[in-house]
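Here the structure comes first, spelled out in structure tokens, and everything after it is commentary.
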Amino acid sequence: MSNKIWLITRREYTTRVRNKTFLLSTFLLPLAIILFITVSVWISLQGKSQHRIAVIDANGYFKDYLKSDSSISFNFSPELDTLNYAEKGNTAVLIIPVLPEGQKTIYRLKYKKQLALEGISDLQGRIDNAIVDHMIYQKTSVSRAKLDSVRKSADIAELRSYEDQGKIAKASNQGASTAIGYICGTLIYMLTFIYGAAVMRGVMEEKTTRIAEVVISSVKPFQLMMGKILGIGAVGLTQFMLWVVLLVSLALLAQGLIPHDIMMEVAKQQQANAMGMSSAPGVSSAAQKVAEFTGFLNTPNWGLILFCFLFYFIGGYLFYSALFAAIGSAVNEDVQEAQSLMLPVTMPVIFSFFIMTIVMRDPGGQLGVWASIIPFSSPIVMMGRIPFGVPGTVPWWQLGLSMMLLVAGFIFTVWMAGKIYRTGILMYGKKPTWRTMWKWAFKA
Amino acid sequence: MDILQVNHLKKYFSSQRAVDSISFNLSKGSIFGLLGPNGAGKTTLIRMITGIFYPDEGEILFEGSPFDPKNDITHIGYMPEERGLYKKMRIGEQAVYLAQLKGLSKQEATQKVKEWFVKFEMQSWWSKKVEDLSKGMGQKLQFVTTVLHEPKLIILDEPFSGLDPVNSNLIKDEIYALARKGSTIIFSTHRMEQVEEICDHIILVNRGQKILDGSVAGVKQQFKENLFSIGLEGTGNSSSTTAKAFEVVGNKEGSLIVKIRDGYRSNDVLSHFINEGQNITAFTEILPSLNDIFIRLVEGTPLARQFQPTTA
């Protein structure tokens, strides 16, 4: 019995792993992602064009407070007005009327080229600051230059957060947690789709080439389905492991390329960090960056994250790929048919992804808790939350319950899919309705 | 000894009594023809015998004990009508894989596949893919994978479709050879001339029920119409012959076709012509072909099987 599942699993695994597309996708996908990130960062840096804003100021003092920089340049030239600002090379015109104290007054921006949300709030902040600075100057005669130097020398405190784990307090990093959470959740989302769809295509292939009936006269339909699911899952795990190996070796390689003296400075900086100082004397900014980055890499609990990732990847994969297998067995040659039947299975996956992006902003909230316990969404949402800390953000009971429910969930979907598959794989002709599939699952 | 006994087998689907109480026995080493029009329930019957479907009622005995799909399945080789192979898999590996699924070890399977490939002159195919094969070549490969594990019971559904006469004969000879070695063969087809040539025993299924069961010769006897062909020297206007014992129903290639009336024997026909002084050159009984019997029995039932309620 299990011997036959093993035979089928092995065939699924070896035929896929030996395929050239497996090697290509394993090594090209990370390269493509790296390339994509590099190019998009590069484009966003290139594309950060300067906004040239003409200012018509009825108060007369903004000229002293609004300073041009790389993102916005202000032009106070008196011959500018709302009609000719564009001709004179400005992208927008800011009209500030007299702003009397104790009364909200509206000032306006007219533009040719839109400032993004970020640009608008940046501009607003600068104007608010200018008003405050001007009022301080008016009421206390502290000059702008004095204020600036105070601000500069006041930059002496830096917040570091620690996760309280009883005896020890572990350094935490919200940025790192968020980034890792996003990456884990997105990876599970992608892998569920890639390998779930592979299972569905495999089942459809067996059905349309009519090999299914030949094989089913040797093994039980359930064994054929399970062998396929396990074989493709093993391909997924192999691919993931290769990625981990690839990343780790790339990181080691990168570390090897950093010159020795900088590494010494990095060690110094790390010591300084441990002693509660933000920067050690005589350490170059490059070394500080490296120290910051290694700190970033060292904060999360990688062992736990890797374990949970494997668990939720396998659990989520079994949960969804069984459903994909059931759909593959039900459809005929028609790809459109498959797509319409797939929708109820893909919707929860896509939903989970959206929930994950919302939950990342408040990983301890109600939505996050429930979505990471229910098996439909738990693989993606829980993986988004775990990097924020266990048992801090995710208490042990939540993790345990979520894992147990996921196991129960995939046992159920595999059982149900087995019933649908058994009937569907030998049915040709009409596309089954949801009602008939329900009958196959629960009545036959 | 009977290798297979099927007793009152029933399988009802929601809108169809696919198999409605069919029984038959199958003796070891025989070549058995399972005939019936499209949709008669043959495939459903075969799927129950191969353990793909569970019967609703009735029992199957395999070598005298109740059929246990888990173990007995390894003694069955089934080539379905709708058959296929993994297109992207190498042919040798595929044959070995399918044999392994039937319980052979890898060495055993590899050795057997090699033997069969030599026998069918397919050695050069080993590392080709199925998608490179023609339909007929695929068919040969499929046959090899069906019989490779030396099953006691071989079920072939339309095994000759898509094969040229040379390859058909190759497969036919193998079927005889397998039967001689003790395998029992169930042969399902619409091609009556093949059944007549190959099978010892047939059953005819229509609308889920067995309507005919017997040896090929016996069935022909059962359906004979007392037709004889008589060759007469210098036949002139004897086609207008009238006699008490028979009537002339036709004239074919210089021979008279006569039908003997009830209560008379063939000798009465001969005496008639001898008495007339005619010289008889040939006298043979005309037996119906299976094709005629098939058409006669199946004709009159609707061409397409109608859906029927199963609450009976």
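Specify the residue that is nearest to the chain's Cα centre (by Cα); the eligible residues are those in region B:123-146 that are surrounded by fewer than 21 Cβ atoms within 10 Å (Cβ to Cβ) and of a type in the set (A, V, I, L, M).
Ranking the candidates gives B:Met137 first.
Kindly indicate whether B:Gly214 is free of Cβ contacts under 8 Å to residues at least 60 places away in the same chain, within 30 Å of B:Tyr12 (Cα to Cα) and not in a loop (DSSP other than H, G, I, E, B). Explain how you work it out, then say what you get.
Values: free of Cβ contacts under 8 Å to residues at least 60 places away in the same chain: yes; within 30 Å of B:Tyr12 (Cα to Cα): yes; not in a loop (DSSP other than H, G, I, E, B): yes.
So B:Gly214 fits the description; yes.
Regarding B:Lys106, is this residue within 11 Å of chain A (Cβ to nearest Cβ), at pLDDT below 90 and over 14 Å from A:Ile216 (Cβ atoms)?
Details: within 11 Å of chain A (Cβ to nearest Cβ): yes; at pLDDT below 90: no; over 14 Å from A:Ile216 (Cβ atoms): yes.
Taking the combined requirement at face value, the residue does not satisfy it.
Please state which one of A:Val199, A:Val215 is away from chain B (no Cβ under 13 Å), of a type outside the set (Lys, Arg) and closer than 18 Å to A:Ile5 by Cα. Give the derivation first.
Numbers: A:Val215 fails: away from chain B (no Cβ under 13 Å).
Step by step, each of A:Val199, A:Val215 is checked, and only A:Val199 is away from chain B (no Cβ under 13 Å), of a type outside the set (Lys, Arg) and closer than 18 Å to A:Ile5 by Cα.
Scan region B:59-73 for residues that are surrounded by fewer than 16 Cβ atoms within 10 Å (Cβ to Cβ) and either under 16 Å from B:Leu101 (Cα atoms) or at the interface with chain A (Cβ under 8 Å from one of its Cβ atoms) (or both) and report the count. Working first, answer last.
Step one: filter region B:59-73 for residues surrounded by fewer than 16 Cβ atoms within 10 Å (Cβ to Cβ), giving B:59, B:61, B:63-66, B:68, B:70-71.
Now restrict to residues that are either under 16 Å from B:Leu101 (Cα atoms) or at the interface with chain A (Cβ under 8 Å from one of its Cβ atoms) (or both): B:70-71.
Matching residues across region B:59-73 total 2.
Kindly indicate whether B:Phe53 is within 12 Å of chain A (Cβ to nearest Cβ), within 25 Å of A:Thr208 (Cβ to Cβ) and exposed (fewer than 15 other Cβ atoms within 10 Å of the Cβ).
Values: within 12 Å of chain A (Cβ to nearest Cβ): yes; within 25 Å of A:Thr208 (Cβ to Cβ): yes; exposed (fewer than 15 other Cβ atoms within 10 Å of the Cβ): no.
Answer is no for this residue.
For region B:5-41, give me each residue that is within 14 Å of another protein chain (Cβ to nearest Cβ), buried (at least 20 other Cβ atoms within 10 Å of the Cβ) and within 20 Å of the chain's Cα centre (by Cα).
Hit for region B:5-41 is B:Ala18, nothing else.
When you look at B:Phe120, is it buried (at least 18 other Cβ atoms within 10 Å of the Cβ) and over 26 Å from B:Thr44 (Cβ atoms), yes or no? Don't jump to the end; show me each part of the working.
Details: buried (at least 18 other Cβ atoms within 10 Å of the Cβ): yes; over 26 Å from B:Thr44 (Cβ atoms): yes.
Yes; evaluated as a whole, the condition is true for this residue.
Cβ-Cβ under 9 Å, sequence separation 6+ or interchain: first residue in region A:380-391 and in the same structural domain as A:Phe309 (by TED's automatic domain parsing) and touching a residue at least 12 places away in the same chain (Cβ under 8 Å), partner of a type in the set (Asp, Glu) and surrounded by fewer than 24 Cβ atoms within 10 Å (Cβ to Cβ). Which pairs?
A:Phe388/A:Glu163; A:Gly389/A:Glu163
So for region A:20-30 (the condition being under 31 Å from the mean Cα position of the chain (by Cα), surrounded by 14 or more Cβ atoms within 10 Å (Cβ to Cβ) and within 14 Å of chain B (Cβ to nearest Cβ)), does at least one residue qualify?
yes
It is to be established whether one or more residues within region B:127-140 are assigned to a strand (DSSP E or B) and not acidic (Asp, Glu). Spell out the reasoning first.
In the first step, residues of region B:127-140 are kept if they are assigned to a strand (DSSP E or B); the result is B:129.
From the residues that got through so far, the ones that are not acidic (Asp, Glu) too are B:129.
Within region B:127-140 (the criterion being assigned to a strand (DSSP E or B) and not acidic (Asp, Glu)), the answer is yes, since at least one residue qualifies.
Considering only region B:13-50, state which residues are of a type outside the set (A, V, I, L, M), in contact with a Gly (Cβ under 9 Å, 6 or more places away or on another chain) and either outside the structural domain of B:Ile155 (by TED's automatic domain parsing) or modelled with pLDDT of 85 or more (or both). Walk me through it before giving the result.
We begin by selecting, within region B:13-50, every residue of a type outside the set (A, V, I, L, M); these are B:13-17, B:20-21, B:23-25, B:27-30, B:32-33, B:36-39, B:41-44, B:47, B:50.
Adding the requirement that they be in contact with a Gly (Cβ under 9 Å, 6 or more places away or on another chain) leaves B:16-17, B:20-21, B:23, B:28-29, B:41-42, B:44.
Correct list: B:Asp20, B:Ser21, B:Ser23, B:Lys28, B:Gly29, B:Gly41, B:Lys42, B:Thr44.
The values are calculated or read from the model by the stated rules, or taken from the named source; none is laboratory data. Worth saying up front: this structure is predicted, and the values here are computed from it rather than measured. Neighbour counts are summed over all protein chains in view; Cβ atoms, including those assigned to glycine, are modelled from backbone coordinates with ideal geometry.
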